[in-house]
Amino acid sequence: MVSGSAEPLSASGRSSEKLSLPSLQSKMKTDPEGYETELHLIRNQFYSALELFQQQAALNFSSISGVGADPTVAKDLSDRAMFLAHVTPFYPKQLAEFPSDLAAFLKSSARTLPSGLRFHATQAVILLVNRKIIDIKDTLSLFMELQTLDDRNLRKLAFSHVVHSIRRMNKNHKNEAKNRSLQNILFGLLQQDDEAKAKRSLITLCELHRRKVWFDERTANAICMACFHSSSRIMIAVLSFLLDYEKIENDDEDSDDLSSEDEMTQNPHVVISKETVYKAHHKGTAASKKKKKAKLQRAIRSMKRQQRLSSESSNCSYYSPLYHLKDAQGFVEKLFSRLQTCNERFEVNAFPDVFNLEDFTLPRVADSTFCSNDTVKMMMLKVIARTVGLHRLILLNFYPFLQRYVQPHQKDITNLLAAAVQACHDMVPPDAVESLFKQIVNQFVHDRSRPEAIAVGLNVIREICLRMPL
């Protein structure tokens with residue numbers, strides 16, 4: 001029924017000429033009309049094998065001699081799928097139904113297909129999407145489903161395709177309607193109870209937000225609201241991303257900008273003066289003026305980059321998803337309520353695969369500076385304190401809650417005190433923080449404390465007074 005890809009195919013009108021699939025593919029691209037007979041032959045072979053696989057799945061055929069156990073048949077089907085994907089742009093009428101049929105087959109049978117056939121079928125669909133024969137909106141759910149399978153190479157391929165396709169789509173101009181439809185798909189997956197789908201959706205949204213592709217309020221709020229997911233793994237992943245966002249925001253800069261910055265670092269006294277601009281345009285030979293202009297452009301790019309970085313560093317929290325919360329008060333109240341009712345003590349290192357290298361994204365979150373014994377409660381506490389300080393919120397019950405744990409022997413006391421300082425601002429009533437303030441003084445600043453404890457206590461007291469003059 002299905003002939004092997006290594007078997008030569010006779011060309012139309014040339015009975016003596018034998019061609020393999022790659023050779024036939026190149027000839028069909030140069031002369032589409034002359035090879036329609038071969039196209040119909042290979043198309044029929046593909047659909048015959050496709051029907052055989054679908055019948056096997058419908059009958060739940062599990063015999064050892066079944067089609068799924070025959071590597072030759074699987075290879076023939078994958079070869080023909082890739083072949084037809086390559087020639088589809090040259091035969092739009094003859095292969096009008098092939099893209100949708102291939103995507104539907106992959107969606108219905110992906111879990112039961114051999115890994116090699118599944119990988120090549122995915123590559124064929126990606127090829128059709130890249131050539132804009134299939135819209136990414138129609139295949140996004142499929143590629144998110146493929147990422148949940150226990151196939152590392154397929155997971156990396158599907159994830160990179162989704163991210164790169166959306167980045168390429170927004171490179172020149174943003175199509176808000178199309179972005180909104182894609183976001184709705186990912187938001188829906190993120191809200192599902194299925195942990196695998198929610199995790200892959202979260203990783204995709206975090207990567208697109210980190211790369212400033214979907215740098216909008218809807219995406220930021222969707223990421224933050226995932227803190228209330230029923231799965232503890234999802235909650236830990238979101239908390240980790242929110243706490244470490246500032247450390248990973250500037251990882252993807254252009255090489256030209258980096259090289260120009262290095263040049264300015266090595267030559268800090270380079271100044272763009274009128275004389276320099278005049279020499280670059282009017283003095284010297286054509287070659288020397290070209291070099292001067294290039295050097296001048298590098299200096300201008302470097303100055304612009306330094307100005308941008310200085311403005312970002314003055315307000316680095318702008319890039320955190322927490323900055324774009326629509327209802328920050330409701331977010332901290334809900335998260336604080338979950339913190340108060342959280343009785344189990346989950347260790348961060350008890351979930352080593354929340355974000356790992358297999359996810360192909362956000363490995364820096366897993367390799368961050370969190371202590372190995374940092375609990376989920378501490379992470380929730382940090383996020384609450386950061387949000388309160390960022391939006392200048394009033395959460396009066398938060399300070400008595402902190403007071404219960406302010407002891408010199410308390411584990412991670414420095415993180416706790418840092419959160420206390422971060423949650424203080426001049427809008428908070430002094431009475432709400434006074435008991436916490438006295439607790440810090442009494443526990444850290446006295447003659448029986450160790451010098452390092454006294455130093456920590458004095459630093460915290462000074463910072464709280466600076467943030468709350470009253």
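I'd like the full set of residues that are closer than 19 Å to Cys206 by Cα and open to solvent by 20 Å² or more (accessible area, probe 1.4 Å), limited to the stretch 138-155.
Kept after step one, since they are closer than 19 Å to Cys206 by Cα, are these residues of the stretch 138-155: 140-141, 143-148, 155.
Listed by number, the residues that qualify are Ser141, Glu145, Thr148, Arg155.
Identify, please: which residue in the stretch 109-123 is open to solvent by less than 40 Å² (accessible area, probe 1.4 Å) and either touching a helix residue (DSSP H, G or I) at 6+ places or on another chain (Cβ under 6 Å) or without any contact (Cβ under 8 Å) to a residue 60 or more places away in the chain (or both) and is, among those, farthest from Ile134 (Cα to Cα)? I'd like the intermediate steps shown before the answer.
Let us first name the residues in the stretch 109-123 that are open to solvent by less than 40 Å² (accessible area, probe 1.4 Å), namely 109-110, 113-114, 116-118, 121-122.
Retained after the next criterion (residues that are either touching a helix residue (DSSP H, G or I) at 6+ places or on another chain (Cβ under 6 Å) or without any contact (Cβ under 8 Å) to a residue 60 or more places away in the chain (or both)): 109-110, 114, 116-118, 121-122.
Numbers: Ser109: 19, Ala110: 19, Pro114: 24, Gly116: 22, Leu117: 20, Arg118: 18, Ala121: 14, Thr122: 13 Å.
Applying the filter and picking the extreme gives Pro114.
Only one of Asn170, Asn179, Asn221, Asn175 is in contact with a helix residue (DSSP H, G or I) (Cβ under 9 Å, 6 or more places away or on another chain) and closer than 23 Å to Lys334 by Cα. Can you tell me which? Quick ask: steps written out before the conclusion?
Working: Asn170 fails: closer than 23 Å to Lys334 by Cα; Asn179 fails: closer than 23 Å to Lys334 by Cα; Asn175 fails: closer than 23 Å to Lys334 by Cα.
Answer to the selection: Asn221.
With respect to Ser78, determine if the residue is at pLDDT 85 or above, under 38 Å from the mean Cα position of the chain (by Cα) and open to solvent by 40 Å² or more (accessible area, probe 1.4 Å). Break it down stepwise before answering.
On the way: at pLDDT 85 or above: yes; under 38 Å from the mean Cα position of the chain (by Cα): yes; open to solvent by 40 Å² or more (accessible area, probe 1.4 Å): no.
The answer is no for Ser78.
Does at least one position in the stretch 254-276 carry a residue that is within 30 Å of Cys206 (Cβ to Cβ), at pLDDT 50 or above, assigned to a helix (DSSP H, G or I) and open to solvent by 60 Å² or more (accessible area, probe 1.4 Å)? If you could, list the steps in order and put the result at the bottom.
Within the stretch 254-276, the subset within 30 Å of Cys206 (Cβ to Cβ) is 254-262.
Remaining after also requiring at pLDDT 50 or above: none.
No, the stretch 254-276 has no match at all.
Output yes when any residue across the stretch 334-344 is open to solvent by less than 60 Å² (accessible area, probe 1.4 Å), out of contact with any Asp or Glu (no Cβ under 9 Å at 6 or more places or on another chain) and at pLDDT below 85, and no when none is.
Yes: one or more hits.
Is it true that some residue in the stretch 407-422 is more than 39 Å from the chain's Cα centre (by Cα), assigned to a helix (DSSP H, G or I) and either surrounded by 16 or more Cβ atoms within 10 Å (Cβ to Cβ) or not assigned by the TED database to the domain that holds Lys377 (or both)?
Scanning the stretch 407-422, I find no residue that is more than 39 Å from the chain's Cα centre (by Cα), assigned to a helix (DSSP H, G or I) and either surrounded by 16 or more Cβ atoms within 10 Å (Cβ to Cβ) or not assigned by the TED database to the domain that holds Lys377 (or both), so the answer is no.
Cβ-Cβ below 8 Å, separation at least six or inter-chain, first residue in the stretch 326-354 and part of a helix (DSSP H, G or I), second open to solvent by 60 Å² or more (accessible area, probe 1.4 Å) and modelled with pLDDT under 85: which pairs?
From residues that are part of a helix (DSSP H, G or I), the pairs are Val348/Ser372; Asn349/Ser372.
Residues checked against (1) modelled with pLDDT of 85 or more; (2) surrounded by 12 or more Cβ atoms within 10 Å (Cβ to Cβ); (3) outside the structural domain of Gln123 (by the TED database); (4) under 40 Å from the mean Cα position of the chain (by Cα):
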site: Ser3; (1), (2), (3), (4): no, yes, yes, no
site: Thr37; (1), (2), (3), (4): yes, yes, no, no
site: Gln45; (1), (2), (3), (4): yes, yes, no, yes
site: Gln56; (1), (2), (3), (4): no, yes, no, yes
site: Ser62; (1), (2), (3), (4): no, no, no, yes
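Name the residues in the stretch 93-108 that are touching a residue at least 40 places away in the same chain (Cβ under 8 Å) and open to solvent by 10 Å² or more (accessible area, probe 1.4 Å), would you?
Gln94, Asp101, Ser108
If I filter the stretch 302-317 for residues that are modelled with pLDDT under 85 and in a loop (DSSP other than H, G, I, E, B), do I get at least one hit?
Just the residues of the stretch 302-317 that are modelled with pLDDT under 85, to begin with: 302-317.
Cutting the leftovers down to in a loop (DSSP other than H, G, I, E, B) gives us 315.
Yes: one or more hits.
Out of all the residues in the stretch 382-393, is one or more under 15 Å from Leu322 (Cα atoms), among the basic types (Lys, Arg) and in a helix (DSSP H, G or I)? Before the answer, list the steps.
Initial filter on the stretch 382-393 (under 15 Å from Leu322 (Cα atoms)): 382-393.
So of that shortlist, the ones also among the basic types (Lys, Arg) come out as 382, 386, 392.
Filter once more, keeping what is in a helix (DSSP H, G or I): 382, 386.
Yes, because at least one residue in the stretch 382-393 is under 15 Å from Leu322 (Cα atoms), among the basic types (Lys, Arg) and in a helix (DSSP H, G or I).
Can you run down the residue pairs with Cβ atoms below 6 Å, 6 or more apart or on separate chains, where the first is in the stretch 384-400 and within 9 Å of Cys424 (Cα to Cα) and the partner is part of a helix (DSSP H, G or I) and open to solvent by 50 Å² or more (accessible area, probe 1.4 Å)?
Short answer, once both residue conditions are applied: Ala385/Gln422; Gly389/Gln422.
If the requirement is being of a type in the set (Lys, Arg), in the same structural domain as Ile134 (by the TED database) and within 15 Å of the chain's Cα centre (by Cα), which of these qualifies: Arg152, Arg168, Arg218? Reasoning before the result, please.
On the way: Arg152 fails: within 15 Å of the chain's Cα centre (by Cα); Arg218 fails: within 15 Å of the chain's Cα centre (by Cα).
It is Arg168.
Looking for whichever is hydrophobic (A, V, I, L, M, F, W, C), open to solvent by 10 Å² or more (accessible area, probe 1.4 Å) and under 25 Å from Ser108 (Cβ atoms) here; the options are Ala222, Ala158, Ala196, Ala177. Which one fits? Outline the logic, then answer.
Values: Ala222 fails: under 25 Å from Ser108 (Cβ atoms); Ala158 fails: open to solvent by 10 Å² or more (accessible area, probe 1.4 Å); Ala177 fails: under 25 Å from Ser108 (Cβ atoms).
Being hydrophobic (A, V, I, L, M, F, W, C), open to solvent by 10 Å² or more (accessible area, probe 1.4 Å) and under 25 Å from Ser108 (Cβ atoms) holds for just one of Ala222, Ala158, Ala196, Ala177, which is Ala196.
The values are calculated or read from the model by the stated rules, or taken from the named source; none is laboratory data. Quick caveat: nothing in here was measured; it's all calculated off a predicted structure. Positions of Cβ are generated from backbone atoms using ideal geometry, with glycine treated the same way; all protein chains shown enter the neighbour counts. Only protein heavy atoms, including side chains, enter the accessible area calculation; ligands, DNA and RNA are left aside. Shrake-Rupley method; radii C 1.70, N 1.55, O 1.52, S 1.80 Å.
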